[in-house]
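**Student:** A single structure is presented below for examination.
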Amino acid sequence: MRRYVIKRLGQAVGVLWAAYTVSFLVLDYLPGDPVTAMASAGMDSGQVDPQQIAALRHEYGFDKPVLVQYAEYLGRAVRGDFGDSVSTGRPVTSALADALPQTLQLTGAALLLAVVLGGALAVLATYTAQRWLRQLLLSLPPLGVSVPTFWVGLLLVETFSFRLHWFPAFGNDGFKGLVLPALTLAVPTGAQIAQVLAKSLLTALDQAYVETARAKGAGRWRVHLRHALRNAALPALTVVGLLVGQLIAGSVVVETVFSRDGLGRVTAAAVTAQDIPLVQGVVVFGALIFVMTNLVIDLVYPLFDPRLVVASGRKAALA
Amino acid sequence: MSQSLVDDPVEAALGLGRPIGAGPQPYPGRRVDVRRLLRFVLRRPGLLLSVVVLVLVVLASFWPDLFTSQDPLKGVPSQNFRGPSGSHWFGTDELGRDVFSRVVHGAQLSLKATLIAVLVAFVAGGLLGVVAGFVGRWVDDVLMRFVDVLLSIPALFLSLALVTALGYGTVKVAVAVGIASVAAFARVARAEVLRVRQAVFVEASHASGARWYAVLVRHVLPNAAGPVIVLATLDFGSSILAVSALSFLGYGAPPPAPEWGTLISDGRNYLANAWWLTALPGLAIAATVLATNRIARALDGEWNRQP
Amino acid sequence: MTALSDARTSRWAVLTALVTTSVVLTACGSGGGDSGSGAGQPTSGGTLTFAVGSDAGCVDPQQVASNETIYSVRQIVDSLTDQDPKTGTIVPWLAKSWDVSSDATTFTFHLRSDVTFSDGSKLTAQVVKDNFDAVPKLGALGTLAEGYLSGVKSTTVVDPLTVKVTFSQPNAQFLQATSTHSLGIESSASVKRTPQQKCSDGVIGSGPFVLKQYVQNQSITLAKRTGYAWGSSQWSKKGEAYLDKLVFKVVPEAGVRAGSLQSGQVDAISSVGKANEAALKGGQVTLQRRANPGVVFGLGLNNARPALKDTRVRQAIVSAIDRQQIADTVFPTGTRAATSVLAQTTPDYTSLASDLTSDAAKAKALLDLSGWKMGSDGIRTKDGKKLSLTVKWFPNASTNQPALELIQQQLKAVGVEVVLKQLQVTQFAPTLQSGDFDAVWGNVTRADPDILRSSFSTKLANFYHLPASSLDTALSEQAATVDAAKRRQLVTQVQQSLVRNAYYVPVVELQTQLGVAKKVHDVNFDASSRIQLHDTWIG
């Protein structure tokens, strides 16, 4: 077990380092002249003061060879220093830290909703004997993944906020202000959870142990929940880990639609301002969340399914 | 283990594809019977509708005048904010422009962007996967680690980083979305190449002295193509969503270009008094994506699972 | 059903419960404000939630030019004088009286004795001197204030409550300038900080409200200043403000602002456009409007650009634009098409409607004359170059984009291509400073015609790169003339020159339209069509 933990931790660190490298390549290497981009910040670069550019170049170390820059930046990043945001002047890490709690609240609520609603849909759809109901319920997930998130959000605002006055249209105030944004963010994720869970429930229900349980006289609900669901839940758990990244990214759109404070809005503003250090911080941060979530799930997994041959990791579990 | 790429969109995202060994056995050459195809489609009304929708969208992008004669860029300003009616099917916007016409002309921009995105992902990802699967050994390891990393960065964040680096505009957004989808294609392509490499006829071909590139082009690629094409169709749908999200956020083409995402973002200003400005273009996006997803599902498992 | 005593299941249950509880607990915050009871009689207390459309990125009143941010930061500082919105006369505020020398070079202000800043320090002549001495160092964002004090020779402390400002030339506009927010008086400690610090951290003022919190692009929160007793002579309530707290939220979308006002989530909104008027009228909402004095909304041309150096091209642009159509389609009801560079409510405005007619045929003729031939794609070319203008604009008003799209259509009809480029509001000043634009869409509010000198004199910032001409002499003279009639004549001359030479393309007058919930009373406009919230009460 210890070896497994250490191996997974090592992989996680490796992925993070690689993510940092990718973001460095995209943001510092690709634009050709990130300094001019930062100095002109949205204006045409033709008229920026050359002295200002030279000074910025020196400050950010762009006058050194690429590998040296990379090594320096990496060194600083490892210590938690991602530089200062070009648009606000504050350190990137504190800008992210300030915005994070609101987004965590939103994605946490969305995840909860997605799991509950998606799970309930899958359980119900696979339980019911009514063909029409099953068809109806199973047709919802494809719809859920096909609709643009921002459109759903706007429709919800139009209906539940402007027409019915049930919920606020924007802002971070209180529980009521969380409902519509969390619901919007939960739709695509919940649909995917429903799809995966329904599939694995159907597979589980075909297994021998289910027949055995029924033969022993267990009621349908109990068989469904206690046996089938518990086993079917494991692949769904893995899926949740992958979807966390999607949720965090989705916060960019949802926070913009609902004018909420948070990481998403900070990101959108950073992209508009071509604030490269801040965008880099966001990208690495997104990877960090993804890696951490999946690490936790991978470490928790063997506790739930001791049958797992730990060394084979996730792929075997899905088989 | 799922056979279908589509019902497990998450697995598709992972690019797990099918396990090696399962799936229909590859064989040299396959041809499609047109009558069988037609019967297949006609028996499934949902699929038929999806094909119709997609055909309409494609037609609208090449020949918008088939659908509307009104100018998408210029309207009658005094007739602004009219709701849907006989003369304006989708109503008019804040400057009196016909919204239906703008949606139709926007199809061209959206389709162009999506095609570029899927192409970029297909080519780059496919190349990565084929090289990894065909060459194997340490090359495979390195390339797949790289792909893993791409998967760990949330797709929208990666696209946003690319937009920050490259700038705004329809094409740049399309490239940004395409690059973010490379991982899935790489994985599927690799899995398929590995699967086919092991097939008997490939070994036979190799043994009888065929060069590696002949084997690759004549045997491996055609048989590996199937799931990659299904993924491309799926990716089409998700690329439309990603491209429209980025243009909604303001990174697409500048006004007055009627990109679908931009239409919704502009309409947002008038949400309280003109709901059709946001609702109807969004419906167009949803319908197109639903249609492509349905077709992808059909392409994937259903055709092969027929009796 | 057997009890699910399985350890794993209960572990899940606990985890779920914990997550749910923590989400709910952290989500529970304070709701909106509470309003006073009773009808008709002003009541103290309550919170006003005001939704504005943008954030200028700075909370220093001396460095803010954008209306949406001025609404909030104006409440933090007081000015030496105030201006009557109905008559334009200058009335006492921090200065209880003043003397102006006959040649308008020396201004002596006699300050009130009871004024203190929110950090406890007292207002003295030295503080005023510190403020004015620091203005030239305000940098890029302080151009308005710098313009008001341009040509200042010295500011001297005569005695602790008397301060004298001396100019090297006669300066007719200075008295009105002291009533603006740009010369709001801040504490000496604030004044010593760098402009960037003042912008991001805020300033200490003596105003009826104190800055409590600023989250860039999201919100500005102000709290009542207890013990306030030196309000403007314009205001009706003596002493402290009625309201306890002001919360300004940044909500960029006009539709969302309007919907939120209707649903009661906010108490007041700014920038109500035409689209939302119908929905808001007749509800629990009043629409308040006032025209802004100053330079009208228009295209500020970069007169040094090759294509724009040609006067005929500029005149063609002016002729091609249908101002009335833009006013009627996009702007709030009652918005007037521009009939001069100045808005009608500006002192010494003169009507030049006959020079600002909309005539597409004339525009085409002018362009043909200047050698720009129509190309096959509908855009004119000359020497291989397309006649294309990149208009930079900033989303500080929701009317900007549709207005510019209409202009784009109207100019396309005569063969001029317009490319619209949106930048952030914080980039307004840097863009003007860098000169890196073909045209910029904007307006400047000021209740004094000297704004023309600030904007168009080649001796000052000259953002629009006008060539030096007799216009400069006229501009300098009107600033120096104390004789009202002579001044009026000079200002008329200036307007004629600007319009006929098309150095600036006037389009529409800005009409500020606010949506205010019926329970909110006395949101009053000041002379610059910004708001004073000291007399505002909820009930």
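The values are calculated or read from the model by the stated rules, or taken from the named source; none is laboratory data. From a predicted model like this one, the values you see are computed outputs, not experimental measurements. Here Cβ is always computed from backbone atoms with ideal geometry, including for glycine, and neighbour counts include all displayed protein chains.
**Student:** Condition (residue is surrounded by fewer than 19 Cβ atoms within 10 Å (Cβ to Cβ), modelled with pLDDT of 90 or more and of a type in the set (S, T, N, Q)) applied to region C:199-209: is it met by at least one residue?
**Tutor:** Within region C:199-209, not a single residue is surrounded by fewer than 19 Cβ atoms within 10 Å (Cβ to Cβ), modelled with pLDDT of 90 or more and of a type in the set (S, T, N, Q).
**Student:** When you check residue C:214 against the structure, is it more than 14 Å from chain B (Cβ to nearest Cβ) and part of a loop (DSSP other than H, G, I, E, B), yes or no?
**Tutor:** It is false that residue C:214 is more than 14 Å from chain B (Cβ to nearest Cβ) and part of a loop (DSSP other than H, G, I, E, B).
**Student:** Taking residue C:500 as the residue in question, decide whether it is of a type in the set (Lys, Arg), crowded, with 20+ Cβ neighbours inside 10 Å and more than 30 Å from residue C:47 (Cβ to Cβ).
**Tutor:** In short, no.
**Student:** Given the structure, is residue A:225 away from chain B (no Cβ under 14 Å) and either surrounded by 20 or more Cβ atoms within 10 Å (Cβ to Cβ) or not in a helix (DSSP H, G or I) (or both)?
**Tutor:** So residue A:225 does not fit the description; no.
**Student:** Of the residues that make up region C:104-125, is at least one under 20 Å from residue C:448 (Cα atoms) and modelled with pLDDT under 90?
**Tutor:** Yes, region C:104-125 has at least one match.
One line per residue, one yes/no per condition, for (1) at the interface with another protein chain (Cβ under 7 Å from one of its Cβ atoms); (2) over 17 Å from the mean Cα position of the chain (by Cα); (3) under 30 Å from residue B:85 (Cβ atoms):
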position	(1), (2), (3)
B:236	no, no, no
B:241	yes, no, yes
B:248	yes, yes, yes
B:262	no, yes, yes
B:265	no, yes, yes
B:270	yes, yes, yes
B:278	yes, yes, yes
B:293	yes, no, no
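**Student:** If you go through region C:45-65 one residue at a time, do you hit one that is more than 18 Å from residue C:222 (Cα to Cα), at pLDDT below 95 and in a loop (DSSP other than H, G, I, E, B)?
**Tutor:** Scanning region C:45-65, I find at least one residue that is more than 18 Å from residue C:222 (Cα to Cα), at pLDDT below 95 and in a loop (DSSP other than H, G, I, E, B), so the answer is yes.
**Student:** Please determine, by comparing only the residues of region C:416-439 that are within 22 Å of residue C:363 (Cα to Cα) and either at pLDDT below 95 or surrounded by fewer than 21 Cβ atoms within 10 Å (Cβ to Cβ) (or both), which one is farthest from the other protein chains (Cβ to nearest Cβ).
**Tutor:** Only one residue tops the list, namely C:417.
**Student:** I would also like to ask the following. Looking at C:316, C:327 in this structure, which one is farther than 30 Å from residue C:46 by Cβ, away from every other protein chain (no Cβ under 13 Å) and in a helix (DSSP H, G or I)?
**Tutor:** Only one candidate qualifies: C:316.
**Student:** Got at least one residue in region C:448-467 being closer than 29 Å to residue C:533 by Cβ and among the acidic types (Asp, Glu)?
**Tutor:** Yes, region C:448-467 contains a residue that is closer than 29 Å to residue C:533 by Cβ and among the acidic types (Asp, Glu).
**Student:** Give the residues of region A:267-284 that are of a type in the set (A, V, I, L, M, F, W, C) and at the interface with another protein chain (Cβ under 7 Å from one of its Cβ atoms), sorted by residue number.
**Tutor:** Correct list: A:268, A:269, A:271, A:273, A:276, A:279, A:282, A:283.
**Student:** Right, here's the next one. Has region A:232-250 got any residue that is modelled with pLDDT of 85 or more and more than 10 Å from the chain's Cα centre (by Cα)?
**Tutor:** No - not one qualifying residue is present in region A:232-250.
**Student:** Being in contact with a strand residue (DSSP E or B) (Cβ under 9 Å, 6 or more places away or on another chain), assigned to a strand (DSSP E or B) and not β-branched (Val, Ile, Thr) narrows it down to one of C:190, C:200, C:154, so name that one.
**Tutor:** Criteria check complete, one pass: C:154.
**Student:** Restricting to region C:518-529, count the residues that are closer than 21 Å to residue C:273 by Cβ and surrounded by fewer than 22 Cβ atoms within 10 Å (Cβ to Cβ). Steps first, answer last, please.
**Tutor:** Keep residues of region C:518-529 that are closer than 21 Å to residue C:273 by Cβ, which gives C:518, C:520, C:523, C:525, C:528-529.
Right, trim to surrounded by fewer than 22 Cβ atoms within 10 Å (Cβ to Cβ) and you get C:518, C:523, C:525.
Of the residues in that region, 3 qualify.
**Student:** Out of curiosity, is residue A:51 at pLDDT 70 or above and out of contact with any helix residue (DSSP H, G or I) (no Cβ under 7 Å at 6 or more places or on another chain)?
**Tutor:** Against the criterion (at pLDDT 70 or above and out of contact with any helix residue (DSSP H, G or I) (no Cβ under 7 Å at 6 or more places or on another chain)), residue A:51 does not qualify.
**Student:** Test residue C:337 against the stated conditions and say whether it is touching a Lys or Arg at 6+ places or on another chain (Cβ under 6 Å), buried (at least 20 other Cβ atoms within 10 Å of the Cβ), touching a residue at least 24 places away in the same chain (Cβ under 8 Å) and within 14 Å of another protein chain (Cβ to nearest Cβ). Quick ask: steps written out before the conclusion?
**Tutor:** Details: touching a Lys or Arg at 6+ places or on another chain (Cβ under 6 Å): yes; buried (at least 20 other Cβ atoms within 10 Å of the Cβ): yes; touching a residue at least 24 places away in the same chain (Cβ under 8 Å): yes; within 14 Å of another protein chain (Cβ to nearest Cβ): yes.
Against the criterion (touching a Lys or Arg at 6+ places or on another chain (Cβ under 6 Å), buried (at least 20 other Cβ atoms within 10 Å of the Cβ), touching a residue at least 24 places away in the same chain (Cβ under 8 Å) and within 14 Å of another protein chain (Cβ to nearest Cβ)), residue C:337 qualifies.
**Student:** Would you be able to tell me the number of residues in region C:445-474 that are of a type in the set (A, V, I, L, M, F, W, C), at pLDDT 90 or above, over 15 Å from residue C:490 (Cα atoms) and under 19 Å from the mean Cα position of the chain (by Cα)? Give the steps one after another, and end with the answer.
**Tutor:** In the first step, residues of region C:445-474 are kept if they are of a type in the set (A, V, I, L, M, F, W, C); the result is C:447, C:451-452, C:456, C:460-461, C:463, C:466, C:468, C:471, C:474.
Narrowing further to those that are at pLDDT 90 or above: C:447, C:451-452, C:456, C:463, C:466, C:468, C:471, C:474.
Of the ones still in play, those that are also over 15 Å from residue C:490 (Cα atoms) are C:447, C:463, C:466, C:468.
With the extra rule that they be under 19 Å from the mean Cα position of the chain (by Cα), the set shrinks to C:447, C:463.
Number satisfying all stated conditions: 2.
**Student:** Considering C:479, C:468, which residue is touching a helix residue (DSSP H, G or I) at 6+ places or on another chain (Cβ under 8 Å) and farther than 28 Å from residue C:324 by Cβ?
**Tutor:** One residue alone meets the criteria, C:479.
**Student:** For residue A:179, state whether it is within 19 Å of the chain's Cα centre (by Cα), within 12 Å of chain C (Cβ to nearest Cβ) and assigned to a helix (DSSP H, G or I).
**Tutor:** Criteria met by residue A:179.
**Student:** Now for a different question. Give region A:101-135 a look and list any residue that's within 13 Å of chain B (Cβ to nearest Cβ) and either surrounded by fewer than 18 Cβ atoms within 10 Å (Cβ to Cβ) or in contact with a strand residue (DSSP E or B) (Cβ under 6 Å, 6 or more places away or on another chain) (or both), or say none.
**Tutor:** Once the filter is applied, which keeps residues that are within 13 Å of chain B (Cβ to nearest Cβ) and either surrounded by fewer than 18 Cβ atoms within 10 Å (Cβ to Cβ) or in contact with a strand residue (DSSP E or B) (Cβ under 6 Å, 6 or more places away or on another chain) (or both), region A:101-135 yields only A:135.
Residue-by-condition table, conditions (1) part of a strand (DSSP E or B); (2) within 14 Å of another protein chain (Cβ to nearest Cβ); (3) closer than 14 Å to residue A:258 by Cα; (4) of a type outside the set (S, T, N, Q):
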site: C:222; (1), (2), (3), (4): yes, no, no, yes
site: C:226; (1), (2), (3), (4): no, no, no, no
site: C:230; (1), (2), (3), (4): no, no, no, yes
site: C:234; (1), (2), (3), (4): no, no, no, no
site: C:238; (1), (2), (3), (4): no, no, no, yes
site: C:246; (1), (2), (3), (4): yes, no, no, yes
site: C:266; (1), (2), (3), (4): no, yes, no, yes
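**Student:** Another one. Since residue C:271 meets every condition but one in (1) buried (at least 23 other Cβ atoms within 10 Å of the Cβ); (2) touching a Pro at 6+ places or on another chain (Cβ under 7 Å); (3) assigned to a loop (DSSP other than H, G, I, E, B), which condition does it not meet?
**Tutor:** (2)
**Student:** What is the residue count in region C:84-115 for residues that are in contact (Cβ under 8 Å) with a residue 60 or more places away in the chain and either assigned to a loop (DSSP other than H, G, I, E, B) or out of contact with any Leu (no Cβ under 7 Å at 6 or more places or on another chain) (or both)?
**Tutor:** 16
**Student:** Would you mind telling me which numbered condition in (1) touching a residue at least 60 places away in the same chain (Cβ under 8 Å); (2) within 11 Å of another protein chain (Cβ to nearest Cβ) residue C:255 fails?
**Tutor:** (1)
**Student:** With B:232, B:284, B:184 as the choices, which residue is in contact with a helix residue (DSSP H, G or I) (Cβ under 7 Å, 6 or more places away or on another chain), under 24 Å from residue B:51 (Cα atoms), in contact (Cβ under 8 Å) with a residue 12 or more places away in the chain and within 13 Å of chain A (Cβ to nearest Cβ)?
**Tutor:** B:284
**Student:** For region A:78-100, give me each residue that is buried (at least 20 other Cβ atoms within 10 Å of the Cβ), closer than 22 Å to residue A:248 by Cα and more than 18 Å from the chain's Cα centre (by Cα).
**Tutor:** Within region A:78-100, A:82, A:85, A:92, A:95 meet the criteria.
**Student:** While we're here: Among residues belonging to region B:108-162 that are more than 14 Å from every other protein chain (Cβ to nearest Cβ) and charged (D, E, K, R), point out the one that is farthest from residue B:178 (Cα to Cα).
**Tutor:** Only one residue tops the list, namely B:137.
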